[in-house]
């Protein structure tokens with residue numbers, strides 16, 4: 001058999017594969033009119049999934065309560081957590097909570113109270129200076145009000161990586177942090193890069209964006225409520241310049257009412273000075 005027909009066949013197959021890749025992947029991603037779904041997926045803001053809660057030892061909480069469920073397997077849960085302990089790493093415990101829960105007047109944050117419960121559980125295995133407590137508002141899971149839920153997230157951190165970043169990404173929201181008493185976000189190229197990508201996505205998809213401003217507890221409550229609004233408005237103004245319409249954005253403020261960390265150090269206060277971005 002002559003080698004020329006064989007080479008021609010191989011060349012034809014290679015060319016066909018290239019054309020299919022070019023049209024189905026590269027062209028549809030690059031061209032909005034050729035593949036809107038692919039374009040939107042390509043331009044979607046990066047999402048970092050929330051760390052999985054260990055299945056066999058997870059601690060359930062009941063709706064609007066901060067005490068651990070009496071039926072939880074506490075021994076198994078402690079074993080799961082402590083498996084990640086090293087000589088000098090730090091345990092970050094995040095208490096999760098939901099918008100519709102009732103909060104007692106003497107409780108600053110349901111999330112922080114739940115994290116404190118876990119601190120108590122681990123007090124014999126870990127010293128206080130090796131545990132960081134945080135809180136995070138999350139979307140309400142189905143059946144949480146009737147059946148309870150896993151109200152914590154945790155991870156081990158290197159000792160030099162415990163400060164909250166200027167940008168934090170979770171599965172249901174993104175947090176952008178601000179300097180003290182300022183309505184201008186912390187300078188960080190990754191924040192601008194995220195907002196650029198967010199704008200590209202929602203301009204194409206027409207999704208709605210909720211921007212909620214937060215503060216630390218310095219100053220009067222009414223002032224902080226207004227400051228939170230101004231912070232959210234500053235992110236809205238940035239996105240307006242990138243083509244997102246005003247009708248696609250909703251601005252809200254919680255002021256000092258939903259801290260993600262105790263307001264007891266400058267690092268924790270900085271963690272609380274933020275805008276939370278939720279795409280709906």
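Read-outs: derived from the displayed coordinates by stated rules, not from any lab. Just so it is clear, the structure is predicted and the values come from calculations on it, not from any experiment. Cβ coordinates were reconstructed from backbone atoms using ideal geometry, including for glycine residues, and neighbour counts include every protein chain displayed.
Below are the figures for this structure:
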{"read-out": "Mean Cα-pair separation over length for region 215-258, i.e. relative contact order, pairs under 8 Å, 6 or more apart, %", "value": "55 percent"}
{"read-out": "Residues residue 192 and residue 222, FRET efficiency given R0 of 25 Å [Cβ-Cβ distance, rounded to 0.05]", "value": "0.20"}
{"read-out": "Average Cα contact separation per residue, region 165-280, under 8 Å, 6 or more apart, as relative contact order %", "value": "36 percent"}
{"read-out": "Once the Cα gyration tensor of region 119-259 is diagonalised, semi-axes √(5λ) in Å", "value": "30, 19, 17"}
{"read-out": "Full-stretch length increase - residue 99, residue 119 - with 0.36 nm per residue and alpha-carbon distance subtracted", "value": "4.8 nm"}
{"read-out": "Relative contact order (%) - criterion: Cα under 8 Å, at least six apart; region: region 44-162", "value": "38 percent"}
